[in-house]
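The block underneath contains the structure these notes are about, expressed in structure tokens.
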Amino acid sequence: MKKIRLIISLFACQLFAFTVFAQEGIQFQNASFAELKQLAATQHKLIFIDCYTSWCAPCKWMDHNVFVLPKVAEQYNSTFINARFDMEKGEGVELRKQYNVTSFPTYLFLDANGKLMYRSGSRMTAEEFMTVGENANDPGKSVASMQQQYDGGKRDMQFLLDFYTLLQHNDRDRAFKMGAEIMQQFPENEMASLTGWKALRMLSHSETDRLGAYFMSHQSAFRPFARQGELDTMTNRLVSSTLYGYMNEQKDDLFWKRLDFFRKSPQPARKKEAVSMELEFYLTRKQYDKYIKMANVAMKGLLKDDAEQLSFMARRANYKAEGETRVLEVAYAMAKRAVEMQPKEYSTLSTLAQLCLSLKKKEEGLALAKRAYEVAETTKIEKIVQQLIDKLTAL
């Protein structure tokens with residue numbers, strides 16, 4: 001009887017340990033590449049490799065927000081032999097060369113022989129990452145298989161979007177051509193659909209491209225497929241792109257006319273975007289008196305509590321108005337206000353420190369840069385901040 005109880009107790013402990021481990025996230029094997037291939041052969045599973053670096057912010061975001069989720073862990077732990085390699089250390093260096101890993105994170109799915117079966121990457125939602133896992137386990141979704149289907153004449157839009165997504169992580173030139181093909185050939189009578197919404201999000205960059213123009217004229221048709229906030233974000237993206245285009249092409253009359261979309265909107269976020277775009281215009285045209293006047297008004301009004309926007313505009317001014325002390329002093333004030341609101345945020349601290357360097361405020365800049373170094377989350381950022389500290393020290 002005692003033996004039975006002991007067996008039950010051990011089983012319960014093992015079950016509990018597995019449950020806790022699964023809840024903690026994906027189980028990454030501490031094994032060599034050769035050992036991973038042996039496990040894959042024995043268990044008849046694909047190998048999933050998370051290719052990361054210590055300085056990659058999207059990699060850390062996936063660690064903290066996606067890999068730890070129970071539903072993600074359940075799928076990947078049951079389906080794949082999971083591993084991760086720092087692409088700048090140990091075996092990761094060779095794997096990076098072997099599989100031509102050029103961006104991070106990259107997700108490789110390999111068979112027991114190390115043959116690449118599927119590839120993806122970048123920061124994504126849990127749902128998107130789980131879809132990647134489903135696609136990787138589908139032989140019909142490999143690059144070779146999809147290329148064969150494409151060569152055989154398959155052209156339905158969902159297939160082309162899937163192929164485009166896969167090519168983005170394997171062959172950017174082919175992906176660009178595929179995107180252009182989808183943009184040109186997408187049937188207009190299918191645009192107001194879930195597939196059309198996916199295509200729009202992936203490919204549209206302007207109000208003037210084919211999908212963007214359709215969306216701007218038929219926004220209500222997309223309500224079954226997206227929340228209002230998502231529709232607003234898409235609209236903002238397309239209009240902002242148009243404004244940057246007018247700015248770069250020196251079509252000033254068209255810029256000011258289209259800017260009214262943001263300026264006359266009742267939405268606070270769009271009014272802030274109007275301020276940002278107008279300030280960018282003045283910087284680009286070197287109309288510094290107008291820039292200074294508007295920036296001072298914005299700091300006391302619409303943007304006074306928006307640390308991220310103030311810090312962003314300060315960075316832009318430091319980049320585009322180098323040597324213009326009057327402009328840099330205003331940018332310094334914006335950055336300082338941002339630090340007051342976010343005293344422990346790396347980006348606000350480093351922005352103000354950079355402006356201190358530009359304005360030769362040595363002691364203040366050093367103190368800020370050292371604080372930025374303390375809150376930096378990756379070794380790459382630490383290196384960047386150390387360079388800033390060195391420059392400030394040399395003043």
*asked:* Suppose a student asked you for the relative contact order of the chain, using Cα pairs under 8 Å spaced at least 6 residues apart; what percent would you report?
replied: 9
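Round to a whole number: what % of the accessible area of segment 231-346 belongs to carbon and sulfur, probe 1.4 Å? Working shown, then result.
Working: 3030 of 6080 Å².
Result for segment 231-346: 50 percent of the exposed heavy-atom area is carbon or sulfur.
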*asked:* Give me the net charge for the shell around residue 229: Cβ to Cβ below 15 angstrom, other residues only, Lys and Arg +1, Asp and Glu -1.
replied: +2
*Given a cut-off of under 8 Å on Cα pairs at least six residues apart, what relative contact order in percent is computed for segment 147-288?*
14
_Among 193, 54, 98 the positive-end extreme of the charge dipole of the chain (Cβ point charges)_ = 54
_Out of all DSSP beta bridges in the chain, what portion is antiparallel? Express it as a percent rounded to 5._
60
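At 27 Å minimum axial length over the Cα atoms and a Kyte-Doolittle cut of -1.0, report the qualifying DSSP H helices in the chain, or say none. Intermediate results must be reported in sequence, preceding the final value.
On the way: long enough: 2-24 (33 Å, 1.04); 228-248 (30 Å, -0.46).
Span-like helices here: 2-24, 228-248.
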*Choose one of 42, 79, 117: the residue whose Cα lies farthest towards the positive end of the charge dipole of segment 33-137 (beta-carbon charges +1 Lys, Arg; -1 Asp, Glu; about the Cα centre).*
117
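Based on Cβ point charges of +1 for Lys and Arg and -1 for Asp and Glu, what charge dipole magnitude is obtained for the chain about its Cα centre, in debye rounded to the nearest 20?
Values: 55 positive and 48 negative charges, 153 e Å.
Approximately 740 debye in magnitude.
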*Taking only protein heavy atoms into account and a 1.4 Å probe, give the accessible area per residue of the chain in Å².*
54
*Identify which of the listed values of volume of the Cα convex hull per residue in Å³ was calculated from the structure shown: (1) 128; (2) 211; (3) 139.*
(2)
*Once a ≥ b ≥ c are taken as the square roots of the eigenvalues of the Cα gyration tensor of segment 33-137, is the result rounded (a/c under 1.5), prolate (a/b larger than b/c) or oblate (a/b not larger than b/c)?*
oblate
*Using a probe of 1.4 angstrom, how much of the accessible area of segment 33-137 is carbon and sulfur, in percent?*
50
*Zero-based 5 Å bins, Cα pair distances in segment 265-394, whole percents*: 2, 12, 21, 22, 19, 12, 9, 3, 1, 0
*Selection from 132, 255, 386, by position along the positive dipole direction of the chain (Cβ)*: 386
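Output the antiparallel fraction of DSSP beta bridges having both residues in segment 33-137, as a percent to the nearest 5.
Numbers: 10 of 17 bridges.
If I count the DSSP bridges inside segment 33-137, around 60 percent turn out antiparallel.
Taking the Cα centre as origin and putting +1 on Lys and Arg beta-carbons and -1 on Asp and Glu beta-carbons, what dipole magnitude results for segment 33-137, to the nearest 20 debye? Don't skip to the end; give the middle numbers.
Numbers: 11 positive and 12 negative charges, 33 e Å.
The calculation lands at about 160 debye.
Net charge around residue 217, counting only other residues with Cβ within less than 12 Å of its Cβ (Lys, Arg = +1; Asp, Glu = -1)?
Details: positive: 210; negative: 188, 207.
Counting the neighbours of residue 217, the net charge comes to -1.
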*asked:* How high is the relative contact order of segment 33-137? Use alpha-carbon pairs under 8 Å, at least six apart in sequence, and give a whole percent.
replied: 37
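The values are calculated or read from the model by the stated rules, or taken from the named source; none is laboratory data. Please read all numbers here as calculations on a predicted model, not as lab measurements. Cβ: placed from backbone, ideal geometry, glycine included. Neighbour counts: every protein chain shown. When the accessible area is computed, the model is the full protein with side chains, heavy atoms only, and any ligands, DNA or RNA have been set aside. Shrake-Rupley method; radii C 1.70, N 1.55, O 1.52, S 1.80 Å.
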